[in-house]
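J.: Got a structure for you, questions after.
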Amino acid sequence: MRFDLTISAASIRRSLCWVSFPAVCAGFLVAAHAQDDIKLRPYVPQHVTVPADRPYTVAPDTAFVAGNDVLIPLFTKLDARWAEAEPKVKFQKIMMGSTLSVEGLVSEKSAFGPIGRGNRRPEVDQFVQRFGYEPTYLKIGYDSNPNNKLSTGIWVNATNPIKQITLAQAAAIFTTGGATGDITHWSQLGVEGDWGPMPIHSYVTRDTSAVLAMIDEMRDKFGGRPFTPLTEWMPTEESAINAVAQDAYGMVLMDYWNNVSVMNGVTTWKHLPDFGPRIKFVPMVIDDKGTLSDGTMNGPLHPMASAIGININRVPGKPLDPWLKAYCEFLLSKDAQDIIGSPEMRKVGFRPLQPGEAAEELKKIE
């Protein structure tokens with residue numbers, strides 16, 4: 001379970017990624033077609049300093065930063081490496097939730113905002129209302145398997161013979177109005193036998209014990225289309241996964257989930273012993289040219305894995321402050337990406353950018 005804490009209400013919210021379907025496709029296609037000789041550039045120290053007149057400057061050469069607590073272990077390592085390269089730029093951080101990422105920028109008290117997912121539409125709207133343009137989201141990697149739970153994705157009954165699914169197929173099941181039409185029966189997914197002529201019973205969680213479920217963000221992964229009226233809305237995550245465990249023709253869209261063992265610090269699934277063996281995670285590919293992912297840290301990145309990054313306030317047509325531009329370049333350098341991809345960070349679920357993605361992200365700050 002991942003949580004966000006807002007400044008204003010101190011409520012707990014789930015931190016999942018929101019990335020639009022075109023953006024996800026673009027990212028994975030870049031990775032799929034990247035040349036083998038693409039190399040990350042090491043960071044070259046630029047001897048930058050923090051301007052004293054910025055609202056976020058809280059002490060000489062010290063910038064205040066507000067962001068997500070899930071990223072604390074990662075940014076602790078990143079900031080230690082940054083301090084070696086740029087000792088004159090220091091940070092004072094408050095890391096309590098992803099909602100702080102944009103809120104801190106809107107208040108102008110935060111220099112940048114570490115965030116453990118993509119931006120939600122209300123957050124972007126809040127920023128646009130304040131400044132008249134959108135925040136710049138700089139993706140630096142992925143939070144693929146927090147607490148060793150499987151990536152956001154599709155679960156079915158363990159007896160179902162389905163072997164894999166594409167992101168587009170999942171979109172056609174849970175949303176309606178796509179160019180290729182809706183998918184309503186298992187035969188449309190290549191499932192044969194008794195399952196083939198049967199309708200797909202799709203389930204989605206409406207809410208999770210007053211913790212906001214990232215339904216809109218999941219839908220945006222599928223192109224922003226409305227959910228199909230055939231989808232059955234369940235009151236909680238647990239009720240949704242329980243339904244599929246007892247429904248041979250069921251399919252559920254879930255955020256991070258574990259059906260293997262009890263984990264310290266993670267809310268335990270009440271029916272884990274009896275229902276755990278009755279469900280299975282469906283491996284997914286971005287398209288018919290992609291690489292199949294089983295949702296674990298052992299295989300390729302899952303198409304629905306959460307992005308991680310920082311939000312920055314870049315005024316259109318104006319350059320970033322030199323120190324902030326240098327920090328962004330550092331996060332996209334070999335130095336930082338090696339840290340994100342280190343065994344230590346992989347143990348907590350983080351992955352570095354895919355080949356070619358750093359170059360694409362650098363264009364955002366040019």
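J.: Looking at the stretch 162-179, which of its residues are farther than 21 Å from TRP233 by Cβ and part of a loop (DSSP other than H, G, I, E, B)?
T.: Across the stretch 162-179, the qualifying residues are ILE162, LYS163, GLN164, ALA179.
J.: Here's a follow-up. Among the residues in the stretch 331-338, are any within 30 Å of GLY132 (Cα to Cα) and either surrounded by fewer than 22 Cβ atoms within 10 Å (Cβ to Cβ) or aliphatic (A, V, I, L, M) (or both)?
T.: The first filter runs over the stretch 331-338 and keeps only residues within 30 Å of GLY132 (Cα to Cα), leaving 331-332.
If we keep only those that are either surrounded by fewer than 22 Cβ atoms within 10 Å (Cβ to Cβ) or aliphatic (A, V, I, L, M) (or both) as well, we get 331-332.
Yes, that holds for at least one residue.
J.: What are the residues in the stretch 249-281 that are touching a residue at least 40 places away in the same chain (Cβ under 8 Å), open to solvent by 30 Å² or more (accessible area, probe 1.4 Å) and among the hydrophobic types (A, V, I, L, M, F, W, C), if any?
T.: Matches in the stretch 249-281: MET263 only.
J.: Which residues, taken from the stretch 100-122, are at pLDDT 90 or above and open to solvent by less than 30 Å² (accessible area, probe 1.4 Å)?
T.: Filtering the stretch 100-122 down to residues at pLDDT 90 or above leaves 100-115.
Result: LEU100, SER101, VAL102, GLY104, LEU105, VAL106, SER110, ALA111, PHE112, GLY113, PRO114, ILE115.
J.: Give the stretch 170-189 a look and list any residue that's surrounded by fewer than 20 Cβ atoms within 10 Å (Cβ to Cβ) and free of Cβ contacts under 8 Å to residues at least 24 places away in the same chain, or say none.
T.: Just the residues of the stretch 170-189 that are surrounded by fewer than 20 Cβ atoms within 10 Å (Cβ to Cβ), to begin with: 176-182, 184-185, 187-188.
Answer for the stretch 170-189, where residues must be surrounded by fewer than 20 Cβ atoms within 10 Å (Cβ to Cβ) and free of Cβ contacts under 8 Å to residues at least 24 places away in the same chain: ALA179, THR180, GLY181, HIS185, SER187, GLN188.
J.: Considering only residues that are farther than 25 Å from LEU74 by Cα and assigned to a helix (DSSP H, G or I), look in the stretch 123-135 and name the one that is least open to solvent (accessible area, probe 1.4 Å).
T.: PHE127
J.: Pick from the stretch 136-161 the residues that are open to solvent by less than 30 Å² (accessible area, probe 1.4 Å) and part of a loop (DSSP other than H, G, I, E, B): which of them is modelled with the highest pLDDT?
T.: Looking at residues that are open to solvent by less than 30 Å² (accessible area, probe 1.4 Å) and part of a loop (DSSP other than H, G, I, E, B), I get ASN160.
J.: Still on this model: Just to be sure I understand the filter: pairs with C-beta atoms under 6 Å, separated by 6 or more residues or on different chains, first member in the stretch 84-95 and in contact (Cβ under 8 Å) with a residue 60 or more places away in the chain, second member among the aromatic types (Phe, Trp, Tyr). Which pairs pass?
T.: Filtered contacts from the stretch 84-95: ALA85/TYR43; VAL89/TRP323.
J.: Of all residues in the stretch 260-291, count the ones that are more than 17 Å from ALA240 (Cβ to Cβ), modelled with pLDDT of 90 or more and either part of a loop (DSSP other than H, G, I, E, B) or polar (S, T, N, Q) (or both).
T.: The number of residues fulfilling the criteria is 1.
J.: What number of residues within the stretch 97-136 are over 22 Å from LYS221 (Cβ atoms) and basic (Lys, Arg)?
T.: Here the count works out to 2.
J.: While we're looking at this one, here's another question. Residues ALA52, ALA83: which one is part of a helix (DSSP H, G or I) and surrounded by fewer than 19 Cβ atoms within 10 Å (Cβ to Cβ)?
T.: ALA83
J.: Within the stretch 39-53, identify whether any single residue is at pLDDT below 90, under 25 Å from ARG351 (Cβ atoms) and aliphatic (A, V, I, L, M), and answer yes or no.
T.: no
The values are calculated or read from the model by the stated rules, or taken from the named source; none is laboratory data. Just so you know, these numbers come straight off a predicted model, no measurement behind them. Quick reminder, even Gly has a Cβ in these numbers, built from the backbone with ideal geometry, and neighbours come from all protein chains shown. Surface accessibility is based on the protein's heavy atoms, side chains included, excluding ligands, DNA and RNA. Shrake-Rupley method; radii C 1.70, N 1.55, O 1.52, S 1.80 Å.
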